[in-house]
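Below: the structure, in structure tokens.
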Amino acid sequence: DLWGVLMPKDHPLAREEVIRPQQLRHEPLLISHQRLAQGQLLQWLGCDVTDLDIAVTYNLVYNAARMVEEGVGLALTLDKLVHTGADSPLCFRPLEPRMEVGLDIVWKKYQTLSKAAQLFLEQLQKTFSAL
């Protein structure tokens, strides 16, 4: 998954293809509470949390999107979590340098799985062993 900035389509940064750390230093930001705590975004931004204008930390991106629409600030979020199509007032611009998040799938080793869950797990294992 790709990190980027969710913003109103009429925001000056919406004209940019990608968003760089220095472009966000003086913008009010909405940042995932979890990601802020883990420090990944701060590392990408290359500054201390006290150097940023963090307007809101959020747990649900839907709420962050509503706040962006209301002009509270720009939300740092993953792509494709919020509708940004032609009929949306919002747009998404990826971060540069790129910041991506991987996905982990875990299960209990000796757990008894339903038939459907077992088939799903076997298909996942086949798919990823071929990579």
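The values are calculated or read from the model by the stated rules, or taken from the named source; none is laboratory data. What you see is a predicted model; the values in this text were computed from it and never measured. Cβ atoms come from the backbone with ideal geometry, glycine included; neighbour counts cover every protein chain shown. Heads up: the accessible areas ignore ligands, DNA and RNA and are worked out on the full protein's heavy atoms, side chains in. Shrake-Rupley method; radii C 1.70, N 1.55, O 1.52, S 1.80 Å.
Take the residues in segment 33-89 that are closer than 21 Å to Pro21 by Cα and of a type in the set (S, T, N, Q), then tell me which one is modelled with the lowest pLDDT. Among those residues, the one meeting the criterion is Gln38.
Within segment 47-71, how many residues are closer than 22 Å to Asp1 by Cα, surrounded by 11 or more Cβ atoms within 10 Å (Cβ to Cβ) and touching a residue at least 24 places away in the same chain (Cβ under 8 Å)? Total satisfying the criteria: 6.
Cβ-Cβ contacts under 7 Å between residues 6 or more apart (or on different chains), taken from a first residue in segment 102-131 that is more than 30 Å from Arg35 (Cα to Cα) to a second residue that is at pLDDT 90 or above, are listed as Leu113/Leu121. From the residues in segment 72-117 that are of a type in the set (Gly, Ala, Ser) and surrounded by 10 or more Cβ atoms within 10 Å (Cβ to Cβ), which one is farthest from Leu24 (Cα to Cα)? So, considering only residues that are of a type in the set (Gly, Ala, Ser) and surrounded by 10 or more Cβ atoms within 10 Å (Cβ to Cβ), the one farthest from Leu24 (Cα to Cα) is Ala117. Restricting attention to segment 20-44, the residues being of a type outside the set (S, T, N, Q) and either within 14 Å of the chain's Cα centre (by Cα) or farther than 17 Å from Gly73 by Cβ (or both) number 12. For segment 1-40, filtered to residues that are farther than 15 Å from Ala55 by Cα and among the polar types (S, T, N, Q), the residue that is least open to solvent (accessible area, probe 1.4 Å) is Gln23.
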